[in-house]
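Notes for the one structure printed next.
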Amino acid sequence: MSETVLNKGPGQKPLWSQLYEILQSRIETGVYEEGMLFPTEAELMKEFSISRITVRQAMDSLMRQGYISRKRGSGTIVIPRPKVMSTSFSSSFKGIEHNHRQDRRIVSVEYAKVPQEASLFFSTPANMPLLTLTRDSYLSGKPIVRYVTVLSPAIPLDDTSDYSGSLYELLEQADYPIDHVNETITASIASAEEAALFQITQPTAVIHRIRKGFSKDVPVEYTDSIYLSDDYKLTIDQVFQKGE
């Protein structure tokens, strides 16, 4: 394996984030194959000349993202990755996900602690408050979507900016137009907080949609959207690789 050196200079990504990206790449390119034992903390500490806490932060992130798993008595192993699927997400609420000021209302704009996945996406310290925009969309006077958007600290926007219009148009005006997004969609029964938000009294499924937006390969936007499942449809078109 070729030697990889972490950049420990000022202004660089946190060491755990750099290590995470290296290990993630090794898994995705097959250097660490599915089912094989993952290097130990001691081995990674020696290879990269870093502390145990740095290694643990990177490995904990790999576990949360589903790359590795610790098994008692067996060590840490590389988890088989799911097959790639293409998906489409459609709504009967025509146009509700575009900018309509009468439908979308700003709940708050503040600097707040963010989910660790968002910190990892922006390569910022886990305890660093980031600009967070919370908005709700309404239909017939009832909330149907909540958007919680975290913005990169590199963007020249702050909590005094005007977010009443289209966020993507605002990002474009700030010279960070979104040109690529990566989305993950899951479903679950609404929590007590979500049931209160959507004014539902019976067990009801909600859809969580994590969107990561990029501008020229620069991470710009991390949005966690919660949708009422009524009238939404998820279509999955899976293409099987040869031999699967």
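If you go through segment 129-167, how many residues are outside any loop (DSSP other than H, G, I, E, B) and out of contact with any strand residue (DSSP E or B) (no Cβ under 8 Å at 6 or more places or on another chain)?
Matching residues across segment 129-167 total 2.
So, of the residues in segment 27-46 that are in contact (Cβ under 8 Å) with a residue 12 or more places away in the chain and in a helix (DSSP H, G or I), which turns out to be farthest from Lys71 (Cα to Cα)?
Only one residue tops the list, namely Glu28.
Based on what the data block shows, is Tyr147 out of contact with any Ser or Thr (no Cβ under 7 Å at 6 or more places or on another chain), more than 21 Å from Glu21 (Cβ to Cβ) and not charged (D, E, K, R)?
For Tyr147, the condition - out of contact with any Ser or Thr (no Cβ under 7 Å at 6 or more places or on another chain), more than 21 Å from Glu21 (Cβ to Cβ) and not charged (D, E, K, R) - is not met.
Would you confirm whether any residue within segment 2-23 is in contact with a Gly (Cβ under 7 Å, 6 or more places away or on another chain) and touching a residue at least 12 places away in the same chain (Cβ under 8 Å)?
no
Scan segment 185-193 and give yes if some residue there is farther than 25 Å from Leu228 by Cβ and part of a loop (DSSP other than H, G, I, E, B), otherwise no. So that I can check it myself, show each step before the final result.
Narrowing segment 185-193 to residues farther than 25 Å from Leu228 by Cβ: none.
Checked segment 185-193: no residue is farther than 25 Å from Leu228 by Cβ and part of a loop (DSSP other than H, G, I, E, B).
Inspect segment 179-199 for any residue being within 22 Å of Arg104 (Cβ to Cβ), assigned by TED's automatic domain parsing to the domain that holds Leu120, in contact with a Phe, Trp or Tyr (Cβ under 6 Å, 6 or more places away or on another chain) and modelled with pLDDT of 90 or more and give the result as yes or no.
No: zero hits.
Give the residue that is surrounded by the fewest Cβ atoms within 10 Å (Cβ to Cβ), with candidates limited to residues of segment 32-68 that are among the basic types (Lys, Arg) and closer than 17 Å to Pro14 by Cβ.
Checking each candidate, the answer is Arg52.
Given (1) part of a strand (DSSP E or B); (2) at pLDDT below 95, where does Ala126 come up short, assuming only one miss?
All conditions are met except number (1).
Do you know which of the residues in segment 112-150 that are among the basic types (Lys, Arg) and surrounded by fewer than 19 Cβ atoms within 10 Å (Cβ to Cβ) is farthest from Ala58 (Cα to Cα)?
Checked segment 112-150; the qualifying residue farthest from Ala58 (Cα to Cα) is Lys142.
The values are calculated or read from the model by the stated rules, or taken from the named source; none is laboratory data. None of the values given here were measured: they were computed from a predicted structure. Note that we place each Cβ from the backbone using ideal geometry, even for glycine, and neighbour counts take in every protein chain shown.
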